[in-house]
Every structure is written in C-alpha cells, then in structure tokens.
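A.B. asks: Here you go, one structure.
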Amino acid sequence: MPHMTPEEFRAHGHAAVDWIADYWTRVADHPVLARSAPGEVLAALPEHPPETGEPFDAVLADLDRIVLPGITHWQHPSFFGYFPANASGPAVLGDLLSSGLGVQGMLWSTSPAATEVETRVMDWLAELLDLPERFRSGSAGGGVIQDSASSATLVATLAALHRAGGGAVNHEGIRRTYTVYTSSQAHSSVEKAVRIAGIGTAQLRVVDTDPDTLAMDPGHLAALVAADLAAGAVPTLVVATIGTTSTTAIDPVPEIGALCRERGIWLHVDAAYAGAAAVCPELRWSHAGVEYADSYCTDPHKWLLTNFDCDAFWVADRAELVGALSVLPEYLRNAASESGAVLDYRDWQVPLGRRFRALKLWSVLRWYGAEGLRAHVREGVAQARQLADRIRADERFEIVAPHPFGLVCFRLRGADGPNEALLAELNASGQLFLTHTRVRGAYTLRMALGGAQTRMEHVEQAWKQIAATASPPSRR
Ligand SMILES: *Cc1c(COP(=O)(O)O)cnc(C)c1O
C-alpha cells in the first residue's frame, strides 16, 4: 500500500471524526466497565502483522468489533470511579492538529511556535488559576507541559536534589543522605520519584496526618526535619498535596511552606486533580500557601476538559530545573539556544523529544473561556454537594471525609463486608462505576463527579441505585 494521499486522508479523517462523534453520542449505552475476560481482545487479534496493506475502513470496523468491547468508558456519564479524564471536542481537535503538524518541539529552534504557544498558554493558565507571579515566564520561573503529574513530581525531585547538593549531585551522584517528606496520603508517584532519582525509599519520611481531615501534620513534619538535620541528613524536598487521591484532603501549605522556606527545602505542591478548582475564585481558599511553592502541578487531563495527556507544571526558578536536567551534546547546539533569548523545554523534562501538546490546551482555553471552565468545575462541585446531601439524609450511610471538590467518600455504617458487597453489586450492574479506598482503616466507597458528560440527573440516578442496592431486607 502506498502512502495515504491527502485526499484519502480527508475521506478517512471525516469517517474517523464521525466515529468519535457517534461514540460520544452513544457512550451512555455501553456498560461502564469493560466486560472482556483477560486475553479476549488479544485472542481476537491476528498473531502476525499483515504482509500487504489493508484499507483504513478495516481498522474502523475492528474498532467496533474488537476494541470497543474491551473499553472501560471513561467518558460515560456514570463513570465515577477515578478522577475524571475529561475529554472534549476542542481538546481532541487540538491534538489532531498537533499530530498533523508532526512537530517535535524539543528545542525552540525545532519549531519556535511550539515553544512560544506553550509559554503563552501556560502563562494564561497560571493567570486562570491565580498562581503566584513568580511562576510566570516573565519572571525567573515559568510553566511547561509534562505528560503527567508523576513526571512533574520526578523533575521537581531532581531539581530539589540539584539545589540541596549545590549542583554536585549531577557530577558525584548521591553521596549524602538526602531526605524527602510527604504525608501518608500522598500519591504513589512520590515514592516512585524517590526511587527513580536514586534517593532510596529509606530516605522517604512519611508524615502523619490529622485523623479528621487527613491533612499533613506540620508539627510532625517539623519534628522529622529536625531529627534528620540532627543526624546529618540533608532535608531536600517536601511534597504537599492539595486534593489527595484517596479523599481530596488538603495539606496545610502555609505552615509547610514557612518551614520549607526557613530550612531551604524545596516545596513541590501536587494539585494533580484539585488544581482545576482554582479557576473558581470561591474555591481558591484551597490554594492558600502556594506562594511558598518552588514548583506546582495540576493535570488539565483530569478535571479541565483536556484529553490525556497534559500536566501543567510550574517552577519559581527555572535555572534550578535547567541546571538539574540540561545536557548539551554537540548536535543540539544552535545559535538561538546560545543567544539565551529562548526557552528550550527539553531541559524542563525527562525525555528529549516533546509533542506539541500546547495546541490542545490552547484550543480548550479558547473554546471554553474562563467562564466555561468555571462553569464546568462548579457543576462538578454542585453534583458532589447534591450527592452528599442525599447520603446525609440516609441514616444507613456516613460521609467519612470532607468533600470540598468533586469527590465524595462514604460508606454504610458498620462493618466492611456489606460495603464490599455493595460496591461489587453496583459495578457488576454496568450502570455505573465507583471505586473504593480505606479511610482510617475502614473500607470506603469513592464517587468522583465532574465528568464532561455527567449531569445532575446521572447523579440522582446513581444515588437511587446505590440506596436501592444497599437496602434489600434480606441483607440487613
Ligand atoms: C492522579 C494523581 C496523580 C497522578 O497523576 P498522573 O498525571 O496520572 O501521573 C498524582 N497526584 C495526585 C494527587 C493525583 O490525584
């Protein structure tokens, strides 16, 4: 088969866009969770690649026949299991345009527009979230798009090591005891970053949390730091979370930040999910203390209508980040970089190569505008409040953690068994999808609102189903 001609591309492209539009129209008709057994999709695929090319229609046909049955429908209006992975029309189109341009924007010179659109869009997003001035490109800091919050935490860890080691870590490796602090509720990516960076999990200090709010205990953090200093270790990094994955707890960033500033410890704030809330002025209390952060990230690919993958990461001092990550082989030398007048985002991330992800974020911010983004976040918060009201009005249930954003954590009062059974029965119905966590040891249901297609009626319907499934007298 020769290359697809532009005219063939046009025709197949229209068909692919139609396929997506039809999928979104009918996504609610599918069971939320994939029903396929392990190996089922694999077995339906030929063992060997085709020797001769096939028409593109054959791929679309197999998408329906083989792939769809193996899809968990994240865009289903009753997908409540994980934080949403909001998809939207403008994001998909922006991504398609990025693919069509086929640009690899590792250096400013490999496509100036890829860098400069990203710089502008990240400044826009910093303004929309009301982040500190020092994160803007016009200051010593700046923003960059990473693939994920996990990568953001990793590069923050490497920059923190660079600072704590006075730059020596790049040459000597890890010769001292560098310590990292995060709460027991932090995301697993913190431990992963500590491992990848070579710090070692023995140097990861797990800070206690308040038993009611599940927020980091700054007193315990201070005690851990003092003990490490006394033992000759180098306190290097604190990762605070605004909106933990388990229950959306908010660490006391003002107290944590003051301690970090006093001790010269890098503060990374992980707001992967809840950062989106800061588009709404009435939710910005959740971001108190971010002015102390050396770095901060949020995932527009969660709650901000931008298809996976898109993590927005900012640093207050880009020189520290670039110092940690820049390696300059001869073949990447160029006049623009040497002039010092441009940003080369390759030095702000782990890989060299980078996609033109800014196009999809730009497309989203322009389509929705600030007011559209605020309306979307407010809808998710309102849905969570409505659900919480229903739960509180039913004495069989209890809400086990504060719910400032779009996640509600609740359980049947009493033992874990009935809660496990309830979740299993709900998810087996195919009508909706919830997940679980443990809060103070107790098995707890997690219901995350804020999906792009989720409306209040879906929340009401889900609650009816939850209440009815919990109630059979035979089980009580
Ligand atoms: C989801 C989440 C992450 C991980 O996000 P990725 O972008 O998938 O790496 C990290 N931290 C928190 C608090 C999260 O909720």
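The values are calculated or read from the model by the stated rules, or taken from the named source; none is laboratory data. Here the structure is a predicted model, which is why all the values come from computation and not from measurement. Neighbour counts run over all protein chains shown; Cβ positions are idealised from the backbone, glycine included. Surface areas here come from the heavy atoms of the whole protein model, side chains and all, with no ligands, DNA or RNA. Shrake-Rupley method; radii C 1.70, N 1.55, O 1.52, S 1.80 Å.
A.B. asks: Averaging over every viewing direction, what projected area does the convex hull of the Cα atoms of the range 140-252 cover, in nm²? The partial results should precede the final answer.
C.D. replies: Details: hull surface 31.1 nm².
Average of the hull's projected areas for the range 140-252 equals 7.8 nm².
A.B. asks: Ordered by residue, what ³J(HN,Hα) values in Hz, to whole numbers, does the range 440-457 give under the Karplus form 6.51 cos²θ - 1.76 cosθ + 1.60, where θ = phi - 60° and Gly and Pro are x?
C.D. replies: For the range 440-457, the Karplus curve yields 6, x, 8, 4, 9, 7, 10, 10, 9, 9, x, x, 4, 9, 7, 10, 3, 4 Hz.
A.B. asks: For the range 373-475, count the residues as N, evaluate 2.2 N^0.38 Å, and divide the Cα radius of gyration by that value, please. Let's see the in-between values first.
C.D. replies: Values: Rg = 13.2 Å, N = 103, 2.2 N^0.38 = 12.8 Å.
Compactness ratio reported: 1.03.
A.B. asks: If the cut-off is a Cα-Cα distance under 21 Å, which lysines reach Lys464, setting aside same-chain residues fewer than 8 apart in sequence?
C.D. replies: Result set, ordered by chain and number: empty.
A.B. asks: With every protein chain in place, what's the accessible area of Asp57 (1.4 Å probe, Å², nearest 10)?
C.D. replies: Only protein atoms counted, so the area is about 90 Å².
A.B. asks: Would you mind counting up the charge near Asp208? Only other residues with Cβ under 15 Å from its Cβ, with Lys and Arg at +1 and Asp and Glu at -1. Before the final figure, lay out the partial values.
C.D. replies: Values: positive: Arg205, Arg440; negative: Asp210, Asp212, Asp217, Asp251, Glu255.
Net charge around Asp208: -3.
A.B. asks: Quick one: what does P(r) look like for the chain with 20 Å bins over all Cα pairs, in whole %?
C.D. replies: Each 20 Å bin holds this share of Cα pairs: 22, 52, 25, 1.
A.B. asks: Consider all pairwise Cα distances in the range 95-363 and report the whole-number % of them above 34 Å. It would help to have the intermediate numbers written out before the result.
C.D. replies: On the way: 5606 of 36046 pairs.
Pairs farther apart than 34 Å: 16 percent.
A.B. asks: Provide Glu40, Glu457 ordered by accessible surface of protein heavy atoms (probe 1.4 Å), highest first. Each step should come with its number before you reach the end.
C.D. replies: Values: Glu40 100, Glu457 125 Å².
Listed by decreasing accessible area, they come as Glu457, Glu40.
A.B. asks: Hey, another quick one. I'd like the distance between the alpha-carbon centres of the range 11-65 and the range 202-226, rounded to an integer number of Å.
C.D. replies: Here the two parts' Cα centres lie 47 Å apart.
A.B. asks: Further, regarding this structure: In nm, to one decimal, how far is the Arg438 label point from the Met4 one, both placed 7 Å along Cα→Cβ?
C.D. replies: 4.8 nm
A.B. asks: Then there's this: In whole percent, what relative contact order does the chain give with Cα contacts below 8 Å and a gap of six or more residues?
C.D. replies: Details: 856 pairs, mean separation 101.8, N = 476.
For the chain, the relative contact order is 21 percent.
A.B. asks: In nanometres, what is the gap between the two model label sites at Asp18 and Ala231, each 7 Å from Cα along Cα-to-Cβ?
C.D. replies: Distance between the two pseudo-spin positions: 6.6 nm.
A.B. asks: For q values of 0.12, 0.13, 0.15 Å⁻¹, compute log₁₀ I(q)/I(0) with the Debye formula on a Cα-only model of the range 1-157, without solvent.
C.D. replies: Summing over Cα pairs of the range 1-157 leads to -0.84, -0.96, -1.15.
A.B. asks: Under the classification rounded if a/c is under 1.5, otherwise prolate if a/b is larger than b/c and oblate if not, where does the range 220-263 fall, given a ≥ b ≥ c as square roots of the Cα gyration tensor eigenvalues?
C.D. replies: prolate
A.B. asks: Determine which lysines satisfy two conditions relative to Lys360: a Cα distance under 26 Å, and not lying fewer than 8 residues away in the same chain.
C.D. replies: The reachable lysines, counting only those whose Cα sits under 26 Å from Lys360, are Lys302.
A.B. asks: While we're here: What is the sum of charges around Ala113, taking Lys and Arg as +1, Asp and Glu as -1, for the other residues whose C-beta is under 14 Å from the C-beta of Ala113?
C.D. replies: Taking every other residue near Ala113 into account, the sum is +2.
A.B. asks: While we're here: How far apart, in nm, are the 7 Å Cα→Cβ label points at Val206 and Asn170?
C.D. replies: Taking the two extended label points, one gets 3.5 nm.
A.B. asks: Distances longer than 19 Å among the Cα atoms of the range 307-411: what percent of all pairs is that? Write down the numbers at each step before the final one.
C.D. replies: On the way: 3599 of 5460 pairs.
So the pairs more than 19 Å apart make up 66 percent of the total in the range 307-411.
A.B. asks: Still on this structure, I have one more. Would you tally the net charge around Val322, using a Cβ to Cβ cut-off of less than 11 Å, leaving Val322 out, and scoring K and R as +1, D and E as -1? It would help to have the intermediate numbers written out before the result.
C.D. replies: Values: positive: Arg318, Arg346; negative: Asp317, Glu320, Asp344, Asp347.
Neighbourhood net charge equals -2.
A.B. asks: Once you order the gyration tensor axes a ≥ b ≥ c over the Cα atoms, which shape class does the range 230-339 get: rounded for a/c under 1.5, otherwise prolate or oblate by comparing a/b with b/c?
C.D. replies: It comes out oblate by the Cα gyration axes.
A.B. asks: Would you please classify the overall shape of the range 327-370 from the alpha carbon gyration tensor, given that a ≥ b ≥ c denote the square roots of the eigenvalues, rounded means a/c under 1.5, and beyond that prolate means a/b larger than b/c while oblate covers the rest? Intermediate values should be presented prior to the final figure.
C.D. replies: Working: a/c = 3.73, a/b = 2.26, b/c = 1.65.
Because a/c hits 1.5 or more and a/b exceeds b/c, the range 327-370 counts as prolate.
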